[in-house]
1. Whole-Hz Karplus ³J(HN,Hα) for region 196-203, in order, using 6.51 cos²θ - 1.76 cosθ + 1.60 and θ = phi - 60°, x for Gly and Pro?
2. Taking the alpha-carbon distance from residue 317 and a cut-off under 12 Å, which aspartates and glutamates remain once sequence neighbours fewer than 8 residues away in the same chain are dropped?
3. State in Å² the accessible area per residue of the chain; use a 1.4 Å probe, count heavy atoms of protein chains only, and round to the nearest integer.
4. For the chain, which whole percent of the accessible surface, found with a 1.4 angstrom probe, sits on carbon and sulfur atoms?
5. Suppose R0 equals 35 Å; then what is the FRET efficiency for residue 176 and residue 31 from their Cβ-Cβ distance, rounded to the nearest 0.05?
6. Using only alpha carbon pairs under 8 Å that are at least six residues apart, calculate the relative contact order of region 223-354 and give it in whole percent.
7. How would region 92-222 be classified by its alpha-carbon gyration tensor: rounded, prolate or oblate, with rounded meaning a/c under 1.5 and the a/b versus b/c comparison settling the rest?
8. Could the peptides 97-106, 2-11, 202-211 be put in order, highest first, of the mean number of other beta-carbon atoms found within 10 Å of their residues?
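The values are calculated or read from the model by the stated rules, or taken from the named source; none is laboratory data. Source: prediction; values computed, not measured. Ideal geometry is used to build each Cβ from the backbone, glycine not excepted, and the neighbour counts take in all protein chains shown. Please note that ligands, DNA and RNA were not included when accessible areas were found on the heavy atoms of the full protein model with its side chains. Shrake-Rupley method; radii C 1.70, N 1.55, O 1.52, S 1.80 Å.
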Amino acid sequence: MRILIIGAGLTGLALASGLRHRGVDPVVVEQAPVITEAGWAIGLSPRHHAALDRLGITDRAHWPGYRADRYLMFDARTGLVDRIVTENPVMYSRSDLQASLLRGVADLVRTAVRPTALTDHGDGVEVEFDDGSRETFDAVIGADGINSWTRRHVLNGPDATYTGVAIVRFHLPNPDPTLRTTALSLDANGVLGYFLMDGGRKFHGIVMLPGEEDNLRELSVADLAELFPRATGPLTAFKNLMSSNPKSYYANIYQVVVDEWARNRVALMGDAAHAMSPILAQGTGVGLQDAALLAELLTTPDLPVPVALASYEKLRKPPARAMQRVSYEAGLRIGNKSAPTELFPEFITQDAAT
């Protein structure tokens, strides 16, 4: 079994780990010369950690994750706590998570390599690379992100579309070692919030802004703080820290709704198949669930590759699309709702406790 994984992001590396765990060493190609990611926060819930277990990624004691004690959701209109959630995800730095996943499969990854042509001959897939080489594989998995080459040029899939929301991310030091609470506030201007990372020593700050593409891109972090005059509780001190104007990253949020995930011996996974808004912090976890099922099906004895990939699409597309839909709908409500319980679906708040 020769399997090509296009893309060495989180989901591509997770799939490589799961296949190796089951005795198949895939080839992973990554167009970037160096595998690196920004250190933004990623939250993984118990079901996402269960996917890691299925992938054989069980030695996670050294992973530098952090789980806050509580998640306070404020209604900025009233200043009241609208919801307290105690079953919180473990927050990881994206760069730390990628380094942890890479550690076990680094020898399988070819960097500064990208495919330029792909032909599915029915009994195998011939791939030409930008260095002029050609190889044949039993299966090709596109894990190449929201702007996936595999989706657009092989499966003739759609381009990404804007969701109506932008996000600004930034990091700040947490000066209060006793603070173990994550907080979020929602008002007409958008969402202001933070997650705790690095053992609680760092804030991962977020501001979500509804409107046209590039809405308020020109504002600094200090300027953005002034959009939320009614922030209260732990967000008060956090907003004051924003006046230091830390380096930030602004991004318009896009999604991709894909009708066809698999065709004979080629399939999509992760953001290539279902890039979604990060509002509900589910995208990476859903990609890990993709990887777990793909690794299991591709290594099932006597299961033909086209059947394995078609089965993967049948089983994974409905739940991934449902998560994508509720994430998109939550984004549409930003700026129109002030109570977090009106923004977030029940599955986010159902484990809440007061």
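1. Each residue of region 196-203 in turn: 9, 9, 6, x, x, 8, 9, 8 Hz.
2. Answer for residue 317, where 12 Å is the Cα cut-off: 259, 260, 290, listed by chain and number.
3. On the way: 14850 Å² over 354 residues.
Ligands and nucleic acids excluded, the result is 42 Å² per residue.
4. Numbers: 7270 of 14850 Å².
The computed percentage sits at 49.
5. On the way: r = 42 Å, r/R0 = 1.20.
It comes to 0.25.
6. On the way: 106 pairs, mean separation 27.3, N = 132.
Relative CO of region 223-354 lands at 21 percent.
7. It comes out oblate by the Cα gyration axes.
8. Values: 97-106: 19.4, 2-11: 25.2, 202-211: 22.1.
The most tightly packed comes first, giving 2-11, 202-211, 97-106.
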